[in-house]
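Colleague: I'd like to ask some things about the structure below.
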Amino acid sequence: QVQLVESGGGLVQTGGSLRLSCAASRIIFSITPMGWYRQAPGKQRELVAFITSGGSTNYADSVKGRFTISRDNAKNTVYLQMNSLKPEDTAVYYCAAAQVPGTAWGQGTQVTVSS
């Protein structure tokens with residue numbers, strides 16, 4: 001069973017930065033598309049950023065130019081660098097691995113941006 005462990009969340013002021021990490025195990029990481037999602041209180045979970053096995057990336061409009069997703073296949077780890085954080089970025093952030101038959105999820109890490 002795939003295991004995804006996120007880290008790097010915390011409390012930061014508006015305009016600050018955080019780097020989230022997601023370590024994957026029991027997975028052929030190098031061929032697996034990976035993503036970061038977030039869920040704010042009372043809202044649906046939404047896609048933040050996505051990276052293919054080949055390194056192509058895609059971002060939600062709300063984070064373009066501020067967030068960067070990357071992967072290190074040697075470390076089985078995907079990252080989310082978050083800059084210029086805003087209060088509306090406050091959410092639980094989840095790592096996801098595109099698997100068959102379904103997506104595998106991490107446990108989530110809380111990001112809180114104070115105004």
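The values are calculated or read from the model by the stated rules, or taken from the named source; none is laboratory data. Bear in mind the structure is a predicted one, so any value in this text is a computation, not a measurement. Cβ sites come from the backbone with ideal geometry, for glycine too, and all protein chains shown count toward neighbours. Quick note on the areas: whole protein, heavy atoms, side chains included, nothing else; ligands and nucleic acids left out. Shrake-Rupley method; radii C 1.70, N 1.55, O 1.52, S 1.80 Å.
Colleague: Of the conditions (1) modelled with pLDDT of 95 or more; (2) on the phi > 0 side of the Ramachandran plot; (3) not aromatic (Phe, Trp, Tyr), residue 26 fails just one. Which one is it?
Modeller: Result: residue 26 fails condition (1) only.
Colleague: So which of 109, 68, 77 is free of Cβ contacts under 8 Å to residues at least 60 places away in the same chain, more than 13 Å from residue 45 (Cα to Cα) and touching a Ser or Thr at 6+ places or on another chain (Cβ under 7 Å)? Before the answer, list the steps.
Modeller: Working: 109 fails: free of Cβ contacts under 8 Å to residues at least 60 places away in the same chain; 68 fails: touching a Ser or Thr at 6+ places or on another chain (Cβ under 7 Å).
Testing whether each residue is free of Cβ contacts under 8 Å to residues at least 60 places away in the same chain, more than 13 Å from residue 45 (Cα to Cα) and touching a Ser or Thr at 6+ places or on another chain (Cβ under 7 Å) leaves just 77.
Colleague: While we're here: If I ask for residues that are out of contact with any helix residue (DSSP H, G or I) (no Cβ under 7 Å at 6 or more places or on another chain), farther than 15 Å from residue 92 by Cβ and not in a strand (DSSP E or B), which ones from the stretch 7-17 would you list?
Modeller: 15, 16, 17 - these are the residues of the stretch 7-17 that are out of contact with any helix residue (DSSP H, G or I) (no Cβ under 7 Å at 6 or more places or on another chain), farther than 15 Å from residue 92 by Cβ and not in a strand (DSSP E or B).
Colleague: Can you pull out every residue in the stretch 31-46 that is under 16 Å from residue 79 (Cβ atoms) and more than 8 Å from the chain's Cα centre (by Cα)?
Modeller: Within the stretch 31-46, the first condition is being under 16 Å from residue 79 (Cβ atoms), and the residues that meet it are 32-38.
Once the filter is applied, which keeps residues that are under 16 Å from residue 79 (Cβ atoms) and more than 8 Å from the chain's Cα centre (by Cα), the stretch 31-46 yields 32, 33, 34.
Colleague: Based on what the data block shows, is residue 13 within 16 Å of residue 112 (Cα to Cα) and surrounded by fewer than 16 Cβ atoms within 10 Å (Cβ to Cβ)?
Modeller: yes
Colleague: Can you pull out every residue in the stretch 18-54 that is surrounded by 12 or more Cβ atoms within 10 Å (Cβ to Cβ), part of a loop (DSSP other than H, G, I, E, B) and of a type in the set (Gly, Ala, Ser)?
Modeller: Within the stretch 18-54, 40, 53 qualify.
Colleague: Residue pairs, Cβ under 8 Å, 6 or more apart or interchain, first in the stretch 27-50 and closer than 17 Å to residue 69 by Cβ, second assigned to a loop (DSSP other than H, G, I, E, B) and open to solvent by less than 30 Å² (accessible area, probe 1.4 Å). List them.
Modeller: Within 8 Å, the pairs are 46/60; 47/60; 48/60; 48/63; 49/60; 49/63.
Colleague: If you don't mind, there's one more thing I want to ask. Within the stretch 58-115, track down each residue that is open to solvent by less than 40 Å² (accessible area, probe 1.4 Å), closer than 17 Å to residue 31 by Cα and not in a strand (DSSP E or B).
Modeller: Of everything in the stretch 58-115, just one residue is open to solvent by less than 40 Å² (accessible area, probe 1.4 Å), closer than 17 Å to residue 31 by Cα and not in a strand (DSSP E or B), namely 102.
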